[in-house]
Structures are given as structure tokens and as C-alpha cells.
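In what follows, a structure is listed as C-alpha cells, so that the remarks can point back to it.
The values are calculated or read from the model by the stated rules, or taken from the named source; none is laboratory data. The structure displayed is predicted, hence computed values, not measured ones. Cβ coordinates were reconstructed from backbone atoms using ideal geometry, including for glycine residues, and neighbour counts include every protein chain displayed.
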Amino acid sequence: MQLDFFPSRTLTFYLARLFFTRIVAMLFVLVLVLMMLDLLGTSGDILAVPGNGQAEVLHYAMLRIPQLIARFLPYAVLLATIITLIALNQNSEVVAMKAAGLSAHQVLAPLLLTAALFSAGSFLFNERVVTRATATLSAWEANDYAPVAAGSEVRTHVYLADGPNILYAQSITGTGDAMRMTGVTWYERTAQGMLVREVRAPRAHYTGAGWQLQDARIFDVASARTALAGTMVVAPGLTPTEAALGKVDAESIPFWRLKPVIDTLEGAGRRTAELRAQWWHKLSGPLSAFLMPLLGAVAAFGLARSGQLFVRAIVGMALGFAYFVVDNAALAMGSFGGYPPFLAAWAPFVLFLFIGEAVLIRTEE
């Protein structure tokens, strides 16, 4: 028995089924509660648009639910681990399994297998469903929940540099010469970075020699005066191709399509450390579900009558939530260049894998 990683077939299926049902139940509860809270704050903005009604609110919910599932699946696995192991401990099932000669790793093996299946499913779900829902929802939100033309791609809050000058667009739609900008601001600066003029316009389009602003309003910094300019052309060095690369949302691009985009940006001389960290995190992120049974395993071992079961559950939850804190901090450091992208994405997973093993061996083995 000690040479087998898994316990008997019957026990493996029993523990896996028990763990699976609790994960689904916890995920359902988390998504339901968070979706209701989200709708309380968002439904007013959706219904404020003329023509929007209950169908649009339900459409928002259908787009938001995949995001909630992707984000809170690891939390559901962690909570399900604590609940499952506490129940097994209180019913003396862990004691029975230990008395039968099972090691701590054999007791956890069915849970780890189930979590690994959830991790694989999470990766496929994220890249096939969540990315599409995120892209659609981002375009809808950028259009203030008004109808968006089918097939149109919307990018929001894009900053583009043309020498020392900066062109900002609240949203960009279309591609090539058909690209359109809305909410445009042109910051004209000196070579030292001092602001000279600020030009605002509700719309802009590409003319071949630059971006033509319509109904532009100019603010001159030196005289502190504002004047109407009608139409004017700015940013002659910016092409639609460069504008298309101005902002890349890694959450709305699948894993297998993001790498070519990163290579294109690097070829254009853009900084890609943040995108590379997010690309690696598309692999390490779903694996966090696999890590949760190991971090919560401390709740399984130890006598329930010793009075330490509650403390063990708190320790397991603390380890799990500490992982998410460190993971987010590492990604932030990777975005600022403090960590290499690969290290920023994988270091928290490897670190807490060793911590979970050390805690398990120290407390039980």
C-alpha cells in the first residue's frame, strides 16, 4: 500500500467525488453572491441607456459570470479543501485511513487529482470562453453599455507617443484607414517634456498624413487661453498599425495568440515585460487550483478532540490566501521590471509548493 501513490479504487473515487461536489457547491455560492453584488452596482448604468432592459442585464450577467468563475475557482478549491478535510477529520475517517496504513500524501492524492483536472479545465475555459467574454464586455463597457456593432473591436484609454508629443484616445474602433478615435486629446510638448498646447476633440480619423481632429478646441499653456480650431491634423508620425499596437489586453487574447502579438511589439521596440508575465501566468494561474489541497491539508491531520482543528483550518486558509497575495505582488513587480517575467509568474507557485510540502511533512510525516 505504501508504494502506491493512490489508495484503493473505492476510496479514491469516494474522496474525489466528495471533493468535486464541494468545489462545485462553493463555486456556485461564490459566483451567485458576487454576481448579485455586481448587478447591484452595474444594473443602473445598463438600464440608463435608452432601449436597454432586462435582456441587456441578463446579457451582462452572462458575460460577467465566466470572469467570476475564472477568478474565484482557486478560492472555491481552497474552501472546499478546508470543508472536506475538516469533515473527514471530525468523522474519524482520516484516523481510519491512517490506521489502514495510508500516508498523508495518499490521503491527499484523490484531492490533488481532482484539483489537477479542475486546473486543466480552468485553462481551457479561460482561453476559449473567458477571453471572448472579456473582449465583448470591455467593448460594451467602453461604449457605455450602448449597442456595439457586431465584429467591431474597441480599445479603450490608449496612449500613443509621437516624439515628445502624446496622443490619447478614450476609445479606438476599426482597423487600417477605417480606424476611428473618440474622446481625443493631443498633448504638444517640447523636447524637454514641457507642455505647450493641449488640443481636445470628440472624434478623429486617419488621413494618410496624420490624424484629423474634428471640432477641436485648443488650450495654449503660455497664454492660458482657449480657442476653437475646427479641424486640424496632428501626430503625422503615427500610423493605424502603430495605433493598433498601442494597447494590448492580455485577458482578452488567448494564450496561443498572445505570443505572436508580444513578438510583434518587441519588433516595434515596445516594452513587453508586463505582457510576457501575463502570458506565463496564463499557465501558472490555473495551476493555483492544484496547489490549494496541499496548502489546506494541514486541516486534515491532528486529533479533532485536541481543540486544534479550528486553528489548523485557519492556518490552511492563511496559507492559501497568502499565496494569492504573493502571486499578485509578484505580477506587479514583473510589470514594473522588478522581476523577470518568467520568475514573476512561476516563483509564487514553486515557493508555496515547497511550503505546502514542508508543512505537510512537518505536521504529519
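Is one or more of the residues making up segment 130-140 of a type in the set (D, E, K, R) and outside the structural domain of T239 (by TED's automatic domain parsing)?
Yes, the conditions are met somewhere in segment 130-140.
State whether the residues of segment 182-197 include one that is closer than 27 Å to E56 by Cβ, β-branched (V, I, T), in contact (Cβ under 8 Å) with a residue 60 or more places away in the chain and not assigned by TED's automatic domain parsing to the domain that holds V49.
Of the residues in segment 182-197, the ones closer than 27 Å to E56 by Cβ are 182-183.
Okay, now just the ones that are also β-branched (V, I, T), so 182.
Right, trim to in contact (Cβ under 8 Å) with a residue 60 or more places away in the chain and you get none.
The answer is no; no qualifying residue exists.
Go over the candidates A96, A100 one by one and state the one that is farther than 28 Å from V130 by Cα, touching a residue at least 60 places away in the same chain (Cβ under 8 Å) and surrounded by fewer than 17 Cβ atoms within 10 Å (Cβ to Cβ).
A100
This table checks each residue for (1) at pLDDT 95 or above; (2) out of contact with any helix residue (DSSP H, G or I) (no Cβ under 8 Å at 6 or more places or on another chain); (3) on the phi > 0 side of the Ramachandran plot; (4) not assigned by TED's automatic domain parsing to the domain that holds L295.
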| position | (1), (2), (3), (4) |
| --- | --- |
| R22 | yes, no, no, no |
| L34 | yes, no, no, no |
| L47 | no, no, no, no |
| P50 | no, yes, no, no |
| L68 | yes, no, no, no |
| L73 | yes, no, no, no |
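Would a scan of segment 161-178 turn up a residue that is within 20 Å of the chain's Cα centre (by Cα) and either acidic (D, E) or not in a loop (DSSP other than H, G, I, E, B) (or both)?
Within segment 161-178, none of the residues are within 20 Å of the chain's Cα centre (by Cα) and either acidic (D, E) or not in a loop (DSSP other than H, G, I, E, B) (or both).
Please specify each residue of segment 29-67 satisfying the condition of being loosely packed, with under 13 Cβ neighbours inside 10 Å and either small (G, A, S) or under 21 Å from R128 (Cβ atoms) (or both).
Across segment 29-67, the qualifying residues are G41, G44, A48, G51, G53, A55, M62.
Please return the ranges of helices (runs of 4 or more DSSP H) entirely within segment 205-310 where 1 or more residues are of a type in the set (S, T, N, Q) and either modelled with pLDDT of 85 or more or surrounded by 20 or more Cβ atoms within 10 Å (Cβ to Cβ) (or both).
Filter on segment 205-310 gives 273-284, 288-296.
Taking the stated definitions as given, is A70 in a helix (DSSP H, G or I) and exposed (fewer than 15 other Cβ atoms within 10 Å of the Cβ)?
no
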